[in-house]
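To start, the structure itself, in structure tokens.
Throughout, read-outs are computed from the coordinates displayed, never taken from laboratory work. Please read these numbers as outputs of a predicted model, since none were measured by experiment. A quick note on method: Cβ atoms are made from the backbone with ideal geometry, for glycine too, and the neighbour counts reach across all protein chains shown.
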Amino acid sequence: MKPSLRHLMAATVAGLLQATAAVATNPLIMDQFSADPTARVFEGKIYVYPSHDIKAPPEYKGRPDWFVMEDYHVFSSENLTDWKDHGVIVTQTGVEWTNPTAYAMWAPDCVFRDGKYYFYFPATAKVGGMKIGVAVADKPYGPFKPMPNPIEGVSGLDPVVLIDKDGSAYLYYATAGKGLSVARLKPNMLEIEGTPALIDNLPTKGLLEGPFVFEKNGIYYLTYPHVENRIERLEYATSTSPMGPFKQVGVILDESESGCWTVHHSILDYKGQWYLFYHDRDLSPSFDKNRSIRADKLFFNADGTIRKVIPTLRGVGLVEAKSQIQIDRYSAKSGEGVAISYLDAANTHAGWKTAFSAANSWVRFNEVDFGRGAQKSVEVRAMAPGGGAFELRLDKQDGPVLGRVEVGQGTEWKIATVAAKKIPKGVHDLFVTQVGAGAVDVDWVSFR
């Protein structure tokens with residue numbers, strides 16, 4: 001079957017515009033919903049292969065208020081700040097064996113071997129339920145050519161592939177109601193050897209799905225979402241062999257404070273720092289089937305155990321001082337007098353604003369790159385119904401003042417520009433502090 005007109009138009013627009021979004025905060029992608037991110041390092045860049053949540057179209061006839069996913073995009077970045085959307089790479093209408101009306105293209109993966117990129121994806125087949133297929137490309141962003149049939153002998157979802165140090169390749173996946181399985185892949189990466197094996201010694205109660213496997217210093221880490229209580233959290237087990245046996249070790253990420261039921265993920269080392277990619281419902285607070293991908297730094301203890309990751313709004317990657325710094329994605333804030341809300345509740349993709357409502361209330365936004373320094377002005381988008389002011393400082397709450405912004409009285413957003421003072425070079429933390437009693441809403445801050 002051929003891709004739909006909607007997909008062809010989206011791919012064409014993406015190819016023409018080659019849009020790049022500068023997002024070093026969580027969530028990483030603002031213009032669409034995204035989930036289940038598998039991050040890989042290819043050609044010196046990070047490529048993220050997420051699933052793509054959409055709102056149910058009129059033709060959708062599936063389960064009400066459920067996951068609706070018809071295609072896959074791929075995103076790339078060299079700096080964890082500027083993310084490029086390469087457009088649609090696989091669709092449910094462009095694969096011979098899939099049910100073109102199922103909207104069930106769930107968590108994928110992509111690996112490189114012998115000059116080819118192999119994209120593994122689950123989808124509902126025309127016959128036989130959920131299967132795992134493969135699409136092949138010469139580049140990490142495609143074009144990908146789906147194979148005419150799914151992997152024989154495999155029924156399940158959420159595939160991930162580990163290519164071991166000796167060149168052996170292993171496919172891990174979830175089977176609803178049964179747990180996680182592993183199978184050795186043949187060198188062609190399209191077939192399995194023998195029969196898949198169910199992985200023992202994992203939780204037997206509560207939903208278990210979405211495996212991600214990696215190796216570090218001879219330890220094989222099997223990580224997975226698991227519903228221990230009410231919603232999923234990320235846990236892990238370790239082994240000295242890719243086939244196991246695995247031993248349960250601990251929790252990587254606690255249940256989301258937002259109540260998002262799922263939390264699919266991946267883990268990778270990029271330029272000496274490890275990262276956890278996962279998702280939450282930042283752009284859809286009332287419906288957790290429309291999710292958004294995130295990233296935070298991950299660290300190991302000396303014995304190889306993983307330290308629990310604490311989710312942040314700030315995320316990862318440097319933010320250039322000349323960009324529109326979204327201070328609502330703060331690193332820290334005062335205990336009172338600061339509130340975050342959507343700029344437009346009817347369009348959450350527009351982002352958030354920061355409301356300062358008490359004298360000396362503040363937010364800290366870390367890792368702002370001022371480059372060579374000496375910026376001449378501060379530009380802000382702000383609003384103050386009764387008039388108000390705030391100051392910008394460097395590195396600490398009582399650090400040097402970079403500028404003081406007076407926001408005139410009014411209920412409309414205004415762009416204000418003031419002179420900047422003695423801005424040093426390099427990477428610094430930025431503090432934004434309300435001055436006086438007048439409440440101020442701030443959208444973004446920028447240095448020019």
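For this structure, a couple of remarks:
- Fewest-first ranking of His226, His349, His265, using other Cβ atoms within 10 Å as the exposure measure: His349, His226, His265
- Between Arg184 and Lys322, the distance separating the two model label sites (each 7 Å from Cα on the Cα→Cβ line) works out to 5.5 nm.
- At R0 = 51 Å, FRET efficiency that the Cβ-Cβ distance of Ser377 and Asn301 yields, to 0.05: 0.65
- Fully extended contour minus Cα-Cα distance, from Ser258 to Lys425, at 0.36 nm per residue: 56.4 nm
- Under 17 Å from the Cα of Lys333 - aspartates and glutamates, other chains or at least 8 residues apart: Glu367, Glu391, Asp395, Asp398, Asp429, Asp441, Asp443
- Rounded if a/c under 1.5, otherwise prolate or oblate - the stretch 5-298, Cα gyration tensor axes: rounded
- Across Lys45/Lys165; Lys45/Lys139; Lys131/Lys297; Lys353/Lys425; Lys84/Lys126; Lys84/Lys396, pairs whose alpha-carbon gap is larger than 23 Å: Lys131/Lys297; Lys353/Lys425; Lys84/Lys126; Lys84/Lys396
- Per-pair calculated FRET efficiency, R0 = 35 Å: Lys139 and Thr240 via Cβ, rounded to 0.05: 0.50
- Shape category assigned to the stretch 363-448 from the gyration tensor of Cα positions, a/c cut at 1.5: prolate
- Computed packing ranks the peptides 234-247, 64-77 as 64-77, 234-247, most packed first, by mean other Cβ atoms within 10 Å.
- Within the same chain, aspartates and glutamates fewer than 8 places from Lys271 are excluded, and of the rest, those with a Cα less than 17 Å from its Cα are Glu43, Glu78, Asp82, Glu215, Asp296.
- Ranked by the mean number of other Cβ atoms within 10 Å per residue, highest first, peptides 47-55, 121-129, 416-424 order as 47-55, 121-129, 416-424.
- Gyration tensor (alpha-carbon) shape descriptor, the stretch 24-157, a/c threshold 1.5: oblate
- Per-residue ellipticity at 222 nm from helix content only, as computed over the chain with -39500 (n - 2.57) for each DSSP H run of at least four residues, stands at -1000 deg cm²/dmol.
- Simple spin-label estimate for Thr93 and Glu412 in nanometres, 7 Å along Cα-Cβ: 4.3
- GNM result for the chain, Cα springs below 10 Å: residue of Ser334, Ser181, Ser284 fluctuating most strongly: Ser334
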